[in-house]
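This report concerns only the one structure given below.
Laboratory data are not the source of any read-out in this text; all were calculated from the coordinates shown. These numbers come from a predicted model, not from an experiment. Cβ: placed from backbone, ideal geometry, glycine included. Neighbour counts: every protein chain shown.
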Amino acid sequence: MSPALCLAVAGQLLATLPVAEFTLTWTHSVQKTLWHEHYRIDGRRLVLDEAQVQGSGAGMEPAADAVWRDGAWHWRPALAPLAELRLTVSSFTADYRLCTAAGCTSLQALTGTPADGSVVVATACTAPP
């Protein structure tokens with residue numbers, strides 16, 4: 001079985017992406033600054049390998065060891081592997097974008113359009129054969 005990313009809302013599985021790694025990108029709701037997080041799937045966990053943010057402020061300060069490169073702060077977060085990511089749908093911001101080796105797409109292109117305030121839960125899973 002190969003690794004995959006499962007996306008669910010209110011316990012209903014909406015999408016399964018057969019990927020071993022992905023990048024999640026969004027615009028911060030207050031600072032309007034672009035944020036990127038690169039994850040890899042390790043068994044049943046999501047491992048955050050790198051974070052990038054194009055600025056700082058309002059709860060988005062880069063780590064002390066962050067390096068400014070190509071217009072953004074880059075660092076490797078010291079975070080334990082995660083069982084899930086919880087992504088809140090908000091009408092106040094642009095949709096999340098999910099990028100894989102196959103390209104990038106909006107989260108709602110994969111899940112439909114959940115109600116404002118809904119939470120999309122992303123977990124590591126296995127791709128169906």
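Near residue 90, the amide H atoms lying under 5 Å from its own belong to 117; only residues 5 or more places off or on other chains count, and H is placed 1.01 Å from N. When you filter the chymotrypsin sites (Phe, Trp or Tyr not before Pro) in the range 46-129 for DSSP loop state and at most 10 other Cβ atoms inside 10 Å of their Cβ, you are left with 92.
3J(HN,Hα) along the range 33-38: 10, 6, 10, 10, 9, 9 Hz, from the Karplus curve 6.51 cos²θ - 1.76 cosθ + 1.60 with θ = phi - 60°, whole Hz, x for Gly and Pro. Annotation: amide H-H contacts under 5 Å for residue 15 (H modelled 1.01 Å from N, sequence separation of 5 or more, or interchain): 7. Phi-derived couplings, Karplus 6.51 cos²θ - 1.76 cosθ + 1.60 at θ = phi - 60°, listed residue by residue for the range 114-122: x, 4, 3, x, 5, 10, 8, 9, 9 Hz, with x used for Gly and Pro. Ignoring trypsin sites (Lys or Arg not before Pro) that are buried or in helix or strand per DSSP, and keeping those with at most 16 other beta carbon atoms within 10 Å, what is the longest stretch of the chain between them? The segment 45-129 is the longest one with no such site.
For the chain, what does the helix formula give at 222 nm: sum of -39500 (n - 2.57) over DSSP H segments with n ≥ 4, over the residue count, nearest 500 deg cm²/dmol?
Result for the chain, helices only: -500 deg cm²/dmol.
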